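Data block below; observations after.
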Amino acid sequence: MKPFEYTRAGSQADALAAGAAEGARFIAGGTNLLDLMKLEVMAPDRLVDITRLDMGRITPSDDGGLRIGALVTNSDLAADDRVRRDYPVLSRALLAGASGQLRNKATTGGNLLQRTRCYYFYDTDMPCNKREPGTGCSAIGGFNRIHAILGASEQCIATHPSDMAVAMQALEAVVEVDGPNGTREIPLMSFHRLAGDTPDVETELAPGELIVAVRLPAPVPSRQIYRKVRDRASYAFALVSIAAVVRMEGGTMRTVRLAFGGLAHKPWRNTDIEALLEGETPSADLFDRAADALLVDATGHGSNDFKIPLVRRTLKAVLSEATKGEA
Ligand SMILES: Cc1cc2nc3c(=O)[nH]c(=O)nc-3n(C[C@H](O)[C@H](O)[C@H](O)COP(=O)(O)OP(=O)(O)OC[C@H]3O[C@@H](n4cnc5c(N)ncnc54)[C@H](O)[C@@H]3O)c2cc1C
Ligand code: SF4
């Protein structure tokens, strides 16, 4: 590991001042950043430890939703009574991620900013446009079993690995940020970026900006499902995951929110397929049409071709479960 300076921030203002320095990085749980530093994939000059900041609480927000501090751990968030009751898709997504020990350290802000699990990104002997812009992409034409089938570019076909972010996407979360130019709010839907020509730029965060909290809007009475398909039953990232929030009324799908993991460079949401489903009576034919619309631009890269039929089957199973007994 390369030498670096370490600062423990005592207040948000201190953190922002230290985080504004060239080459500085915030560190929260450290479960992703320290691994990347040990492998010399990331080499910050200065770590700004934010764990002493007052960002570890879950509080009701003015609109009837919840405000989740950026330092709330994945374990505490999954176990919170309000989350389990009103946002069960989030609790289930969190519990489907990592392991108990990791969830005890991993934080809400860090989870949103964790980096891809592309094998070549972690291997500094291999070309990777995300790690070292302009060197090429080893996954294109290489082994790409876990890679993207939607929204990828010729520069990078990596996926975003977070389970939590997929559920938060379906819940229409908003990210609260503080930084050198003041505070702002970024809807999670536009927080992560597609790879395009700059796969190294992964979010809308500007240098030195700190995630302060994530807000969930007031809960919708709904059936909520998180289904994660992976190579083994625990301790594995999603090949495909789906978060569904569905409200039925008299046999009709009234509200449908769907978000997908393992498919793209960001947690994927397609409001066209939600509109296609809303106001309709559930049927196998309708679910097929929704899958067609989701996958119309899907492209496999060889080892990950299997994801296309897999996501179709998973979507149909999730929609069937979400509407079961209501048709
Ligand atoms: C073996 C293993 C298995 C895993 N399996 C899964 C899985 O199945 N599903 C899943 O979703 N995740 C999984 N994870 C990833 C894990 O969830 C993340 O590592 C964790 O959520 C990151 O949170 P952290 O607080 O430790 O972040 P850190 O490692 O502290 O930070 C990550 C990044 O976020 C930045 N950062 C942190 N907090 C802030 C903030 N408030 N504002 C601005 N920047 C910030 C840091 O600078 C860094 O760039 C796994 C990890 C491991 C090691
Ligand atoms: S897919 Fe992206 S992260 Fe993986 S090797 Fe290609 S450029 Fe790097």
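The values are calculated or read from the model by the stated rules, or taken from the named source; none is laboratory data. What you see is a predicted model; the values in this text were computed from it and never measured. Glycine gets a Cβ as well: all are built from the backbone with ideal geometry, and neighbour counts include every protein chain shown. Just the protein is used for accessible areas: all its heavy atoms, side chains included, with ligands, DNA and RNA removed. Shrake-Rupley method; radii C 1.70, N 1.55, O 1.52, S 1.80 Å.
Could you give me the residue pairs with C-beta distances under 9 Å whose first residue belongs to region 132-156 and is without any contact (Cβ under 8 Å) to a residue 24 or more places away in the chain, whose second residue is open to solvent by 70 Å² or more (accessible area, probe 1.4 Å) and outside any loop (DSSP other than H, G, I, E, B) wherever it lies, and which are 6+ apart or on separate chains?
If the second residue must be open to solvent by 70 Å² or more (accessible area, probe 1.4 Å) and outside any loop (DSSP other than H, G, I, E, B), the pairs left are 138/119; 142/119.
For residues in region 104-141 being farther than 30 Å from residue 67 by Cα and in contact with a Leu (Cβ under 8 Å, 6 or more places away or on another chain), which is farthest from ligand 2 (Cβ to nearest atom)?
Going through the qualifying residues, I end up with 124.
Within region 144-166, is there a residue that is assigned to a strand (DSSP E or B), open to solvent by 10 Å² or more (accessible area, probe 1.4 Å), out of contact with any Asp or Glu (no Cβ under 9 Å at 6 or more places or on another chain) and small (Gly, Ala, Ser)?
Taking every residue of region 144-166 in turn, none turns out to be assigned to a strand (DSSP E or B), open to solvent by 10 Å² or more (accessible area, probe 1.4 Å), out of contact with any Asp or Glu (no Cβ under 9 Å at 6 or more places or on another chain) and small (Gly, Ala, Ser).
Where in region 13-107 are there helices (runs of 4 or more DSSP H), lying wholly inside it, with at least 1 residues that are open to solvent by less than 20 Å² (accessible area, probe 1.4 Å), in contact (Cβ under 8 Å) with a residue 24 or more places away in the chain and among the charged types (D, E, K, R)?
Ranges flagged: none.
Okay, residues lined up against (1) in contact (Cβ under 8 Å) with a residue 40 or more places away in the chain; (2) within 14 Å of the chain's Cα centre (by Cα):
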| residue | (1), (2) |
| --- | --- |
| 185 | no, no |
| 190 | no, yes |
| 193 | yes, yes |
| 196 | yes, no |
| 201 | no, no |
| 208 | yes, no |
| 223 | yes, no |
| 227 | yes, no |
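Before we move on, is residue 112 under 15 Å from the mean Cα position of the chain (by Cα) and open to solvent by less than 10 Å² (accessible area, probe 1.4 Å)?
Against the criterion (under 15 Å from the mean Cα position of the chain (by Cα) and open to solvent by less than 10 Å² (accessible area, probe 1.4 Å)), residue 112 qualifies.
Would you check if there is a residue in region 188-207 being within 16 Å of ligand 2 (Cβ to nearest atom), among the basic types (Lys, Arg) and modelled with pLDDT of 95 or more?
So far as region 188-207 goes, yes, one or more of its residues are within 16 Å of ligand 2 (Cβ to nearest atom), among the basic types (Lys, Arg) and modelled with pLDDT of 95 or more.
So which residues in region 284-301 are among the small types (Gly, Ala, Ser) and surrounded by 13 or more Cβ atoms within 10 Å (Cβ to Cβ)?
Correct list: 290, 291, 293, 298, 300.
Quick check on residue 101: is it farther than 23 Å from residue 66 by Cα and either in contact with a strand residue (DSSP E or B) (Cβ under 7 Å, 6 or more places away or on another chain) or within 13 Å of ligand 1 (Cβ to nearest atom) (or both)?
Against the criterion (farther than 23 Å from residue 66 by Cα and either in contact with a strand residue (DSSP E or B) (Cβ under 7 Å, 6 or more places away or on another chain) or within 13 Å of ligand 1 (Cβ to nearest atom) (or both)), residue 101 qualifies.
Of all residues in region 167-179, which are buried (at least 24 other Cβ atoms within 10 Å of the Cβ) and under 23 Å from residue 13 (Cβ atoms)?
175
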